[in-house]
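The structure appears right after this line, and notes come after that.
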Amino acid sequence: MMILGYGFVQRKRKLTTGINSTFISFTESVCQSEPGGINNNSMDCLSSVSGGFSVRQLPSVSTFSSSRELMKEQTIDEQIKPGNIDDELEIDNVLRSINSPVSVDEVDYLRLRPTASLKDVAEQLLSDQRQAVKDLSLLVENLHPQIRMSISGCKILQELFTSLGDLHKQHSILLEQLEEIIQESPERIFSGLSPLLLLHSHNLPLMYANLIRQYPIYISAYDEMRSMQNAFKCIITQFERTPECYIPVHWLLLKIIDDVPNWQKIVAQMIELLLTEGKSDGELTSMRISLEKISQFAHATEKPRQMLSDYTSLVAIEESVIGTNSLCHPDRKILRIGYVHRWSGQLSPRILILCTDCILFVHRTQKSFVLNASLKLKGLLLDEGDSCHLLGDLAENAITLHSEGKSIVIVTQQHFEWMRDINEAVKAAAKSRILIPAIDINKSSSEEVSELDSGSVLYVLWHRKASISGIQLSQSVSYSKSGYLLRKLRNTRGWQKLWVLLTASCMFFYASHDKPTPLASLSLIDYGIGLPRSEDQIRHPCCIRLYYGKHNYFFRANNEFSFESWLLALRKCAINEKSEDL
């Protein structure tokens, strides 16, 4: 496995200048407003799926454009209806009201960037540990007391939370030690980090290895308890709706086991930086041993962690769609999921889910997403275009599926990606000897109906008319990063400091690292990423532009190392690869 070295981080980059933009947010704890109206107070409020920020209400689509290719904007083919959370109101004062530092300094764009130091890299490890402790606290201190009585008869789940409690203690000790070391002089930071990393790179992998070995049993017990006991399910559902629980419990359980493998890049950067500063190989022996232990652990657990990611993706879809209660199977994976149109007398919007053994068609009602059709991949024939001659001018983006004596025509803007993935899936299914039970749509019940979760992947894909690959979906939680960023205030020269957590292809914004509740969130699915443009009139280095249609957001890192680190992390999210403007 190739490890990113510090030499890449130090490369020179020619920057251009960037744009003032709106930072919009919706959260019931901060402000409330009727759809289509503005509050009378100084805070405006957004309830939006239009690409803007929200906490429980994720953005929807309006348009999309690429600054590199200057693509023409595409308009929505669905009208906004009263009562939908598509209704947009603007806000900029929500996050400004939290009294976090606001800077209005303008720096010379041509000045040399500061050279990264060991402290810069160590602060990234510190940021990650702060988030790791917060995630474990969420499970051990917030969730466990609520379900303690419900799991009193389940030794497996009791064992899970005991293991999580042990990890919480270990990470808390590491965090406390890191916070002390960071305050020291550069030389003492090095002398303190080496033994600290050596100690915890030995202890933590052993603890996580035991946990991951038992994880399939733990997750199965958790799922069984949730499906069999309504009281337990109710507690979990209510917990996931609290502001503190920023992602579902399944995702949290998956996210924590990827913490130590993510140390590889950080420790490798430390070693390469210290070598450039003249440290000898002998002085770096402890760090090299730490890197070797972490790398061995990451490699040994890569396959089970990937299997857990695939399973968690299926669970997320099963919980979001009525009629998919038999979706989860050890041999089934999601290969692509996204928005298409299906011809049924007219073009009707659908969510298409491509699995290793079948294709599922999902439609949306007022209250939920519902499975209404499925096709087996074995024996399926695929035609590029409209072989039924139904669509006329739209045939260019059409795909025709023939299976079991019926033909289905779909239209999608991601024509190439769907054709490629369906074609490969059909070939693989033809060669496979594994028998996976078919999903019985008739077993679904109206009792399964729950409120639409505006934080779900399906919800965002529906409103943005986008699609993502199964790999992007299953690995979205593995790509996690946290730290402080400055965000551009609207129509001012000011920048505001916020703690930012990047996970599940979404950015969560906190007033500071010790605040439990996010103020706002931004799903990055199908977003573009680039540098500020000349017309944006931003005279700052280390600035990143995120954009979707008319929405532009700007974030600034405090040094080049942090800038490169955030840029790489953002590019690993489910962004639109064609829209990268770098």
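The values are calculated or read from the model by the stated rules, or taken from the named source; none is laboratory data. This structure is a prediction, so every number in the text was calculated from the model and none was measured. Please note: Cβ atoms are built from the backbone with ideal geometry, for glycine as well, and neighbour counts cover all protein chains shown.
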With criteria (1) among the small types (G, A, S); (2) at pLDDT 95 or above; (3) surrounded by 17 or more Cβ atoms within 10 Å (Cβ to Cβ), S172 comes up short on (3)
Scanning the range 377-422 residue by residue, the ones that are among the charged types (D, E, K, R) and not in a helix (DSSP H, G or I) total 6
Heads up, the strands (runs of 3 or more DSSP E) in the range 454-514 (entirely inside) with at least 2 residues that are in contact with a Gly (Cβ under 7 Å, 6 or more places away or on another chain) and assigned by TED's automatic domain parsing to the domain that holds T365 are 467-469
Quick count over the range 325-351, residues being in contact with a Lys or Arg (Cβ under 8 Å, 6 or more places away or on another chain) and within 15 Å of L473 (Cβ to Cβ), is 2
Taking the range 450-481 and keeping only residues that are of a type in the set (S, T, Y) and surrounded by fewer than 22 Cβ atoms within 10 Å (Cβ to Cβ), one is left with S450, S454, S456, S469, S478, Y479, S480
Flagged in the range 546-570 as in a strand (DSSP E or B), within 17 Å of L501 (Cα to Cα) and in contact (Cβ under 8 Å) with a residue 60 or more places away in the chain, in numbering order, are Y553, F554, F555, R556
(message) Yes or no: the range 419-436 includes at least one residue that is free of Cβ contacts under 8 Å to residues at least 24 places away in the same chain, among the β-branched types (V, I, T) and either out of contact with any helix residue (DSSP H, G or I) (no Cβ under 6 Å at 6 or more places or on another chain) or exposed (fewer than 13 other Cβ atoms within 10 Å of the Cβ) (or both).
(response) no
From the option list E283, E292, single residue qualifying as surrounded by fewer than 18 Cβ atoms within 10 Å (Cβ to Cβ), part of a helix (DSSP H, G or I) and touching a Phe, Trp or Tyr at 6+ places or on another chain (Cβ under 9 Å) is E283
| query | Within the range 310-318, is even one residue over 23 Å from the mean Cα position of the chain (by Cα) and among the aliphatic types (A, V, I, L, M)? | reply | no
From the option list E179, E240, single residue qualifying as among the acidic types (D, E) and surrounded by fewer than 15 Cβ atoms within 10 Å (Cβ to Cβ) is E179
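Let's see how each residue does on (1) in a strand (DSSP E or B); (2) surrounded by 16 or more Cβ atoms within 10 Å (Cβ to Cβ); (3) not aliphatic (A, V, I, L, M):
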residue: N325; (1), (2), (3): no, yes, yes
residue: H329; (1), (2), (3): no, yes, yes
residue: I337; (1), (2), (3): yes, yes, no
residue: H341; (1), (2), (3): yes, yes, yes
residue: R350; (1), (2), (3): yes, yes, yes
residue: I353; (1), (2), (3): yes, yes, no
residue: Q366; (1), (2), (3): no, no, yes
residue: L371; (1), (2), (3): yes, yes, no
- Task: Please work out if G345 is in the same structural domain as S227 (by TED's automatic domain parsing) and assigned to a loop (DSSP other than H, G, I, E, B).
- Result: no
Can we say S523 is crowded, with 23+ Cβ neighbours inside 10 Å and of a type in the set (G, A, S)?
yes
For the range 222-236, the count of residues that are in contact (Cβ under 8 Å) with a residue 60 or more places away in the chain and surrounded by fewer than 19 Cβ atoms within 10 Å (Cβ to Cβ) equals 4
